[in-house]
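Report on the structure given below.
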Amino acid sequence: MLPSPVVDADFGLSDEQRAVVASVRVFAAEKVAPAAARSEELHEFPRDLFLELGRMGLCGIPFDEAYGGGGLDDLTYLVVLEELARGSLPLAVTLSVHHLCGFGIAAFGSPAIRERYLPELFRGERLGAYALSEATSGSDAASLRTRAERDGEGWRLTGTKRFITHGGEADVYLIMARTGAAGPGGISAFVVDGDADGLSFGALERKMGWEASPMRELIFDGCYVPGEYLVGEEGRGFSVALSALEGGRLGIAACSVGLGAAALDAAVAFASSREQFGAPVASFEGIQFLLADMATRVEAARRLYREAARLRDAGGDASLAASMAKLFASDTAMRVATDAVQVHGGYGYMREYPVERYFREAKALQIVEGTNQIQRMLIGRGVTRA
Ligand SMILES: Cc1cc2nc3c(=O)[nH]c(=O)nc-3n(C[C@H](O)[C@H](O)[C@H](O)COP(=O)(O)OP(=O)(O)OC[C@H]3O[C@@H](n4cnc5c(N)ncnc54)[C@H](O)[C@@H]3O)c2cc1C
């Protein structure tokens, strides 16, 4: 990975944040990036790298030190995601999804389940997943149908979750299920162990990209969940899900910036070495303008997510800012990855270069954690107060 001057701008990070960025950048360049293409080809989840993230103290950065978290702010966590995504988007997404699960338990779980799950999640010894989507409820997540019925002191879950990242690979699942009437008020959140009786998994989904990030259906068939594994109050599960998603959208924004930066670096490197008409193609104005727009978009997206993170760290309402950052950064990743392929000409279409993978990986960023249509809907409602 070539360092590009724009990508290296620290944009007001503290000395501590800069030190974290520097160490993760080295890790991403030396260990993560070289393994990324192979993990994709083999559809292999890099559990070893995830464990290494845990050993580096990166699996619980913004969480309470009392449970083994890093006790640092969200901005630090997000710049780590950005750096990891420069090496491997699927690995950065893994950390982001793991964080969604940890956030739900840390913010809403009882002391008993925090004690039971958080230290191992934060050490990376257990992998977390977040299960909201179903075959018939995606954007309209509040219409989910998986049911949790009372059974003595606990609950029995029945239903199927679709498109679940880490499905079958995770050790801990944060699940949203219906415990009451239709609509968001009838939803509760639960934590379920990966090896719980009555939980099985569908076949590995084949995807356009993110093949190193395993995805399977979760099939609940009368799966018993003890009463204390309810996360938050009964009927408040949709709030748990949405609170986690606010941070999750910033996570996807940071991952998008990392991917955009990787695509920009690759395009600059290729354009500087590829010669046509007796000169490097980087010397042609048509290519320079493309690169200029790519660099400007990546930098603007970086500033948007970092300012949103600062607002969140200061205790402000960052929901609108998080939607804007997710929307702009993921659209940027798609645009920049597309242009990076263009800068490479025919080579950009070949597996030999990483930009065709970046192009495929960028697309999902516009879909996950609320599609970009849904982000526009939320922003539109926010600005019109409708
Ligand atoms: C790679 C990947 C990983 C994922 N990981 C997870 C995970 O770990 N956990 C999890 O719970 N889910 C996960 N998902 C699911 C993801 O959150 C959903 O795919 C997403 O929310 C969209 O839902 P849907 O696919 O059902 O599309 P739909 O909601 O059916 O949408 C279809 C189209 O209609 C548009 N649309 C829908 N409603 C509106 C509206 N009101 N106004 C305008 N346009 C609208 C959408 O934007 C989209 O273009 C993952 C998905 C992918 C692709």
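The values are calculated or read from the model by the stated rules, or taken from the named source; none is laboratory data. These numbers were taken from a predicted model, which means no experiment stands behind them. Virtual Cβ from ideal backbone geometry, glycine too; neighbours counted across all protein chains shown. In case anyone asks, the SASA skips ligands and DNA or RNA and just uses the protein heavy atoms, side chains included. Shrake-Rupley method; radii C 1.70, N 1.55, O 1.52, S 1.80 Å.
The set of residues in segment 134-164 that are farther than 15 Å from THR371 by Cα, open to solvent by less than 50 Å² (accessible area, probe 1.4 Å), assigned to a strand (DSSP E or B) and not charged (D, E, K, R) comprises ALA148, GLY154, TRP155, LEU157, GLY159, ILE164.
Mind checking whether some residue in segment 323-341 is open to solvent by 30 Å² or more (accessible area, probe 1.4 Å), of a type outside the set (Lys, Arg), within 15 Å of the ligand (Cβ to nearest atom) and without any contact (Cβ under 8 Å) to a residue 24 or more places away in the chain? Checking segment 323-341: not a single residue is open to solvent by 30 Å² or more (accessible area, probe 1.4 Å), of a type outside the set (Lys, Arg), within 15 Å of the ligand (Cβ to nearest atom) and without any contact (Cβ under 8 Å) to a residue 24 or more places away in the chain. If you go through segment 351-364 and pick out every residue that is more than 9 Å from the ligand (Cβ to nearest atom), in a helix (DSSP H, G or I) and surrounded by 18 or more Cβ atoms within 10 Å (Cβ to Cβ), you end up with 7. Among the residues of segment 100-114, write down those that are surrounded by fewer than 20 Cβ atoms within 10 Å (Cβ to Cβ) and either in contact with an Asp or Glu (Cβ under 6 Å, 6 or more places away or on another chain) or part of a loop (DSSP other than H, G, I, E, B) (or both). Across segment 100-114, the qualifying residues are SER110, ALA112.
Which one is nearest to the ligand (Cβ to nearest atom), of the residues in segment 201-214 that are under 18 Å from CYS101 (Cβ atoms) and either assigned to a loop (DSSP other than H, G, I, E, B) or open to solvent by less than 20 Å² (accessible area, probe 1.4 Å) (or both)? Checked segment 201-214; the qualifying residue nearest to the ligand (Cβ to nearest atom) is TRP210.
Taken together, GLY198, GLY183, GLY237, GLY222 contain a single residue that is away from the ligand (no atom under 15 Å from the Cβ), within 28 Å of ALA318 (Cα to Cα) and either of a type in the set (Gly, Ala, Ser) or surrounded by fewer than 16 Cβ atoms within 10 Å (Cβ to Cβ) (or both), which is GLY183. In this structure, does GLY167 turn out to be near the ligand (Cβ under 9 Å from one of its atoms) and either over 19 Å from PRO226 (Cα atoms) or assigned to a loop (DSSP other than H, G, I, E, B) (or both)? So GLY167 passes the test.
Taking the numbered list (1) touching a Ser or Thr at 6+ places or on another chain (Cβ under 6 Å); (2) within 18 Å of ASP171 (Cα to Cα) in turn, GLU234 passes all entries but (2). Among the conditions (1) within 16 Å of the ligand (Cβ to nearest atom); (2) more than 19 Å from ALA85 (Cβ to Cβ); (3) at pLDDT 95 or above, the only one that ALA386 does not satisfy is (3). When GLY154 is tested against the conditions (1) closer than 30 Å to LEU53 by Cβ; (2) more than 16 Å from the ligand (Cβ to nearest atom), the lone failure is (1).
Based on what the data block shows, is GLU217 modelled with pLDDT of 95 or more, open to solvent by 60 Å² or more (accessible area, probe 1.4 Å) and not in a helix (DSSP H, G or I)? Considered against the rule, which asks whether it is modelled with pLDDT of 95 or more, open to solvent by 60 Å² or more (accessible area, probe 1.4 Å) and not in a helix (DSSP H, G or I), GLU217 comes out as no. Is it fair to say VAL257 is crowded, with 22+ Cβ neighbours inside 10 Å, away from the ligand (no atom under 15 Å from the Cβ) and of a type in the set (Val, Ile, Thr)? The answer is yes for VAL257. Of the helices (runs of 4 or more DSSP H) lying entirely inside segment 25-87, the ones with 1 or more residues being open to solvent by 30 Å² or more (accessible area, probe 1.4 Å) and small (Gly, Ala, Ser) are found at 33-42.
Residues of segment 115-133 that are more than 12 Å from the ligand (Cβ to nearest atom), out of contact with any helix residue (DSSP H, G or I) (no Cβ under 6 Å at 6 or more places or on another chain) and open to solvent by 20 Å² or more (accessible area, probe 1.4 Å): GLU115, ARG116, GLU120, GLU125. Are any residues in segment 365-383 in a helix (DSSP H, G or I), aliphatic (A, V, I, L, M) and either within 6 Å of the ligand (Cβ to nearest atom) or within 22 Å of MET208 (Cα to Cα) (or both), and if so, which ones? Listed by number, the residues that qualify are LEU365, ILE374, MET377.
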